[in-house]
Amino acid sequence: MPSIKSIALRRVVLTLVILATTGMLGGGLLPGTPAVAEENFGYQMPPQVLADIMDAPPTPGVFLSPDKEWLLLVERPGLPSIEEVAQPELRLAGLRINPRSNGPSRARNMDGLLFQRLSDGKEVRVVGFPEGSYITSPSWSPDGKRIAFVISHQDRLSLWYADLKNGQAKRVTPTDMALNGVYGRAYNWLRDSKSFVARALLADRGPAPVEPLVPSGPVIQENLGKKAPARTLQDLLQNPYDESLYEYYTTSQLVRLTLKGKVRELGDPAVFRRISPSPDGKLVLVQMVQRPYSYSLQEDDFPKRVEIWDLDGKLVYMVADLPLQDQVPISFGSVPAGRRSFGWRNDMAAELTWVEALDGGDGGIEAEERDRVFTLAAPFTDNPEALITLGQRYGGITWGSNNLAFASSWWWKTRNVKTWRIRPGDRSREPELIQDRSWQDRYNDPGTPVTERNKYGRQVILTADKGETIFLESDGASPDGDRPFLDKYNLETRKTERLFRSEAPYFERPVDLVDVEKKIVLTRRESQTDPPNYFLRDLNAGDLVQKTFLPDPAPQLAGISKEMITYERDDGVQLTGTLYLPAGFDPKTDDPLPLIMWAYPTEFKSASDAGQVTDSPYRFTRVWWGSPMLYLTLGYAVLDDPTMPIVGEGEVEPNDTFIEQLVASAQAAVDEVVGRGVADKDRLAIGGHSYGAFMAANLLAHSDLFRLGLPRSGAYNRTLTPFGFQSEERTLWEAPKIYFGMSPFMHADKINEPILLVHGEADNNSGTFPMQSERMYGALKGHGATARLVMLPHESHGYRARESIMHLLWETNTWLDRYVKNAEPRTMEEPEVQSH
């Protein structure tokens with residue numbers, strides 16, 4: 001029997017032989033050689049310039065205080081290590097839980113908080129955190145004098161606060177109490193700015209359930225003749241043990257806390273999915289998950305009980321007892337029957353709102369009336385009052401006062417959105433239609449109302465001139481690109497006065513109207529060379545004062561050129577994209593470059609809407625791990641977000657001609673960049689993430705425009721998502737040819753270009769489960785394709801760990817260099833375009 005030492009030696013020799021024969025020792029896998037899936041080469045590092053960009057400190061987030069006098073700068077750490085990302089994780093009913101902290105397993109942590117006064121730039125840093133702790137869930141108090149936040153330390157979540165006056169962090173929760181953060185932010189401010197309601201772990205809950213070694217019986221699911229279609233979902237409960245874990249980690253005790261550390265329990269423990277204090281802080285709207293659970297739906301569709309409690313935890317009003325939502329049709333625009341969309345009127349002390357479907361919740365049937373909005377004020381003893389009846393699906397309400405609110409509705413099939421002015425205090429008045437357009441028609445978007453905090457600390461519509469004037473802000477989409485604006489709008493005359501519009505060469509977005517009388521606006525301003533920063537703009541005097549000085553996070557990209565280009569598809573649809581060229585490149589004197597095209601297809605019901613410009617040529621170029629612009633530093637040109645519209649006007653569905661339109665859009669983009677002399681037609685790569693990955697694989701299967709495909713975290717076999725996908729609401733059985741024709745998996749035999757498939761092993765996005773890439777790779781390998789499959793351990797639909805991201809960049813750069821930058825020109829036998 002061979003010794004362990006001799007076996008190990010043989011494995012080392014075998015590994016060296018494999019590395020030598022496949023070319024990995026000398027720069028990578030040679031074309032035409034078989035891949036060796038059994039070998040693990042470990043995490044790799046990309047070129048140093050890419051690593052340096054990824055390791056740069058993230059730019060802080062900025063939040064304005066309720067009184068508009070202070071900024072809160074939120075600082076974030078760099079990329080987490082794979083050790084951190086690989087910590088234990090439970091995947092239950094659509095939730096991802098850290099069992100150690102009883103919080104979300106993939107929270108976006110922060111490591112620093114800084115106050116900055118707008119008037120004079122005075123800074124107050126928040127200090128006093130426990131060493132080695134992370135911050136999550138910061139929020140301003142209603143009066144704007146302090147912030148609260150959650151500290152994660154030693155596998156426990158606790159509530160803290162800090163005052164503006166000194167920045168000293170102080171603990172709110174007792175040392176023997178931990179918060180339950182599974183359902184997001186575990187606390188809510190009350191109106192007094194000195195107390196909270198929060199979800200706490202049960203002090204006596206004991207250890208977590210232990211998985212039984214011997215099953216108690218089979219796991220059974222049953223349907224007795226009812227139609228219960230469901231989208232393809234992941235992280236579902238699978239057995240009684242999962243149910244017990246779900247209850248253990250989601251059950252909380254609702255508590256009232258004060259800044260001075262007083263604690264009062266409210267009601268009995270439950271699975272509190274949502275808690276929402278009334279604006280006056282005297283009541284709490286609670287949403288509790290109930291049994292029976294489902295093994296085919298996620299927790300947001302589980303049965304729920306919705307109640308209103310007082311601050312002693314006593315029941316004031318039973319709002320709804322909702323069943324399992326397994327009978328909701330899958331047609332777009334479908335909703336549960338009964339009461340839904342519960343909330344408070346922001347402009348009243350305690351007035352409950354909800355919506356009820358008038359069409360049974362079925363978006364697939366014809367109906368003149370779809371939804372009705374109701375309200376009911378405390379003490380909830382009167383009958384509910386109807387506020388507005390809608391012919392489309394409810395889209396939300398922006399509250400202002402008894403004389404002013406805006407209700408919106410939408411309908412998927414037409415992409416139509418409507419906005420109505422309503423007067424909640426006088427329901428005898430008919431709603432006034434203010435807006436009626438396609439939401440994809442960005443050029444005619446009039447903007448959204450600017451809001452301010454009222455006496456309850458809630459956002460309401462900002463008004464002037466005794467309530468006759470409101471203010472509207474918008475991205476300002478135009479044929480020249482986005483040019484954000486701020487307008488003054490008279491509610492009586494419906495006339496608009498423009499107060500501000502972004503002007504070239506800057507992209508400047510209004511953030512808030514700080515002083516209405518003086519017309520002082522806080523804006524976020526950037527250009528191609530200036531990173532985004534915050535400014536105070538005096539609209540009367542024309543003065544502009546910079547208030548933050550955040551640095552360029554990626555100086556390695558200095559000197560690149562950026563241009564928003566427009567071109568036309570062969571059917572006349574207008575297309576746009578952003579063309580980037582490396583620093584120093586001159587198309588007049590330099591040879592054409594290898595180019596990376598990165599895109600994401602979108603469905604439209606109007607060719608004119610599809611042709612609208614969707615970006616600005618004056619934005620600063622910000623990069624992250626998924627940005628193709630990273631490769632500008634390595635000599636590649638980039639066409640980012642070239643539009644790939646899939647249009648279906650009238651009764652025609654966009655996907656009826658998905659492949660034809662996709663190839664035509666890609667052909668037009670290739671013709672444009674090649675015609676400009678910036679791209680070599682024989683050295684083009686196509687890539688995308690999620691639906692963009694699906695696009696990239698389809699372009700390889702149905703054309704020969706590209707030399708390499710770079711799909712990440714995609715879905716390639718649509719028969720695995722049989723009850724609809726993306727914007728397709730027909731089922732597999734209703735449209736089998738569409739599902740088959742759009743699936744690159746079904747056309748894997750036609751892919752004759754190299755393809756690098758990347759996927760997170762823990763992808764939880766609907767439809768893009770890891771098996772999609774595994775099966776696609778198997779099909780490609782079976783047909784002799786040049787393909788590589790990279791599965792990133794512990795990564796979800798987006799990637800987080802530093803090691804994962806560095807390795808992703810290494811893989812991408814290696815294949816780009818081999819199959820694009822150093823590609824040989826096509827021979828005469830290789831057609832440039834081949835429509836299959």
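Using unit Cβ charges (K, R positive; D, E negative) and no other charged atoms, how large, in debye to the nearest 20, is the dipole of the chain about its Cα centre? Provide the component values of the computation, followed by the final result.
Values: 93 positive and 112 negative charges, 514 e Å.
Roughly 2460 debye for the chain.
Per the 1.4 Å probe, what fraction of the accessible area of the range 237-343, in percent, lies on carbon and sulfur atoms?
47 percent
Only four residue types carry charge here, +1 at the Cβ of Lys and Arg and -1 at the Cβ of Asp and Glu. Report the dipole size of the range 127-258 about the Cα centre in Debye, rounded to the nearest 20. The partial results should precede the final answer.
On the way: 15 positive and 13 negative charges, 156 e Å.
Here the range 127-258 has a charge dipole of around 740 debye.
Calculate how many DSSP beta bridges within the range 701-836 are antiparallel, expressed in % of all such bridges and rounded to the nearest 5. Each step should come with its number before you reach the end.
On the way: 1 of 9 bridges.
Of those bridges, close to 10 percent are antiparallel.
Which one of Ser152, Thr786, Leu472 has its Cα pushed farthest toward the positive end of the charge dipole of the chain, where Lys and Arg give +1 and Asp and Glu give -1 at the Cβ?
Ser152
Sort out for me the Cα centre separation of the range 194-212 from the range 491-512, rounded to whole Å.
Taking the Cα centre of the range 491-512 as reference, the centre of the range 194-212 is 49 Å away.
Taking a 25 Å limit on the Cα-Cα distance, which of the listed pairs Lys145/Lys282; Lys466/Lys495; Lys122/Lys145; Lys68/Lys455; Lys413/Lys562 fall beyond it?
Numbers: Lys145/Lys282 21 Å; Lys466/Lys495 16 Å; Lys122/Lys145 15 Å; Lys68/Lys455 14 Å; Lys413/Lys562 36 Å.
Violating the 25 Å Cα-Cα cut-off are Lys413/Lys562.
If you plug each phi of the range 593-609 into the Karplus form 6.51 cos²θ - 1.76 cosθ + 1.60 with θ = phi - 60°, what whole-Hz ³J(HN,Hα) values come out, in order, with x for Gly and Pro?
Along the range 593-609, the couplings run 9, x, 10, 10, 10, 10, 8, 7, x, 9, 8, 9, 9, 9, 5, 5, 5 Hz.
Tally Lys and Arg at +1 and Asp and Glu at -1 over the other residues with C-beta under 13 Å from the C-beta of Asp312: what net charge comes out?
Numbers: positive: Arg256, Arg264, Lys282, Lys314; negative: Glu265, Asp268, Asp310.
Local net charge: +1.
Give the relative contact order (percent, whole number) for the range 177-329; include only Cα pairs under 8 Å separated by 6+ residues. Can you show the working numbers first?
Details: 281 pairs, mean separation 32.9, N = 153.
Taking the mean separation of contacting Cα pairs over the length of the range 177-329, I get 22 percent.
Quick check for me: using +1 on Lys/Arg Cβ and -1 on Asp/Glu Cβ, what's the dipole size of the range 558-689 about its Cα centre, in debye to the nearest 20? Write down the numbers at each step before the final one.
Working: 9 positive and 21 negative charges, 142 e Å.
Dipole size: approximately 680 debye.
Of Gly675, Met746, Leu710, which is farthest on the positive side of the dipole of the range 652-785, counting Cα position, with +1 on Lys and Arg Cβ, -1 on Asp and Glu Cβ, and the Cα centre as origin?
It is Leu710, whose Cα lies furthest towards the positive end.
Please list 3J(HN,Hα) in residue order for the range 414-430, calculated via the Karplus relation 6.51 cos²θ - 1.76 cosθ + 1.60 where θ = phi - 60°; whole Hz, with x for glycine and proline.
In residue order, the calculated couplings are 9, 6, 8, 10, 10, 10, 10, 8, 10, 10, x, x, 9, 7, 7, 6, 6 Hz.
Using the charge dipole of the chain (Lys, Arg: +1 at Cβ; Asp, Glu: -1 at Cβ; taken about the Cα centre), state which of Gly121, Val516, Asn166 has its Cα farthest towards the positive end.
Sorting the options by dipole projection puts first Asn166.
Express the relative contact order of the range 687-786 as a whole percentage, based on alpha carbon pairs under 8 Å and six or more residues apart in sequence. Write down the numbers at each step before the final one.
Numbers: 171 pairs, mean separation 31.1, N = 100.
Once divided by the residue count of the range 687-786, the mean separation gives 31 percent.
Report, to the nearest whole %, how much of the accessible area of the range 726-809 belongs to carbon and sulfur atoms, 1.4 Å probe, protein only. Mind dumping the intermediate values first?
Numbers: 1640 of 3170 Å².
Result for the range 726-809: 52 percent of the exposed heavy-atom area is carbon or sulfur.
Could you rank the peptides 616-626, 276-286 by their average count of other C-beta atoms within 10 Å per residue, with the highest value first? Mind showing how you got there, number by number?
On the way: 616-626: 18.9, 276-286: 20.8.
Highest-to-lowest ranking by the protection proxy: 276-286, 616-626.
For Asp680, which sequence-distant residues (separation of 5 or more, or a different chain) have an amide H within less than 5 Å of its own amide H, given hydrogens modelled in the peptide plane?
Placed amide hydrogens put Leu593, Leu595 under 5 Å from Asp680.
Over the chain, what is the relative contact order in percent, taking alpha-carbon pairs closer than 8 angstrom and at least six residues apart? Don't skip to the answer; put the middle values down first.
Details: 1865 pairs, mean separation 67.8, N = 836.
Computed over the chain, the figure is 8 percent.
So, with a 1.4 angstrom probe, what is the percent of accessible area on the range 466-547 that is carbon and sulfur? Each step should come with its number before you reach the end.
Numbers: 1690 of 3970 Å².
The computed percentage sits at 43.
Out of these labelled values of semi-axes √(5λ) of the Cα gyration tensor in Å, (1) 45, 32, 24; (2) 42, 38, 23; (3) 44, 34, 30, which was calculated from the coordinates shown here?
From the options (1) 45, 32, 24; (2) 42, 38, 23; (3) 44, 34, 30, the structure gives (3).
How large is ³J(HN,Hα) for each residue in the range 208-215, as worked out from phi by the Karplus curve 6.51 cos²θ - 1.76 cosθ + 1.60 (θ = phi - 60°), to whole Hz, x for Gly and Pro?
Result, ordered by residue: 5, x, 9, 5, x, 6, 10, x Hz.
If Lys and Arg each add +1 and Asp and Glu each add -1, what is the summed charge of the other residues whose beta carbon sits under 12 Å from the beta carbon of Gln154?
On the way: positive: Arg100, Arg156; negative: Glu131, Asp155.
Cβ neighbours under 12 Å give a net charge of 0.
I want the local charge near Ser294. Using Cβ-Cβ distances under 11 Å, sum +1 for each Lys or Arg and -1 for each Asp or Glu among the other residues.
Numbers: positive: Arg291; negative: Glu243, Glu299, Asp300, Asp301, Asp326.
Cβ neighbours under 11 Å give a net charge of -4.
Per residue, how many Å² of accessible area does the chain show with a 1.4 Å probe? Don't skip to the end; give the middle numbers.
Values: 36860 Å² over 836 residues.
Dividing the accessible area of the chain by its residue count gives 44 Å².
Take every DSSP beta bridge with both residues inside the range 564-665 and express the antiparallel ones as a percent of the total, to the nearest 5.
Just about 55 percent of them are antiparallel.
Taking the Cα centre of each part, how many Å lie between the range 55-72 and the range 315-384?
A separation of 36 Å, based on Cα centres.
Roughly how many whole Å is it from the C-alpha centroid of the range 611-633 to that of the range 706-754?
27 Å
Would you list Met177, Met45 from the most to the least accessible area, probe 1.4 Å? Can you show the working numbers first?
Working: Met177 30, Met45 95 Å².
Final ranking, largest accessible area leading: Met45, Met177.
The values are calculated or read from the model by the stated rules, or taken from the named source; none is laboratory data. The model shown is predicted, which means the values in this text are computed figures rather than measured ones. So basically every Cβ, Gly included, is an ideal-geometry build from the backbone, and we count neighbours across all protein chains shown. Each accessible area value is taken on the protein alone, full model and side chains, heavy atoms only, with ligands, DNA and RNA left out. Shrake-Rupley method; radii C 1.70, N 1.55, O 1.52, S 1.80 Å.
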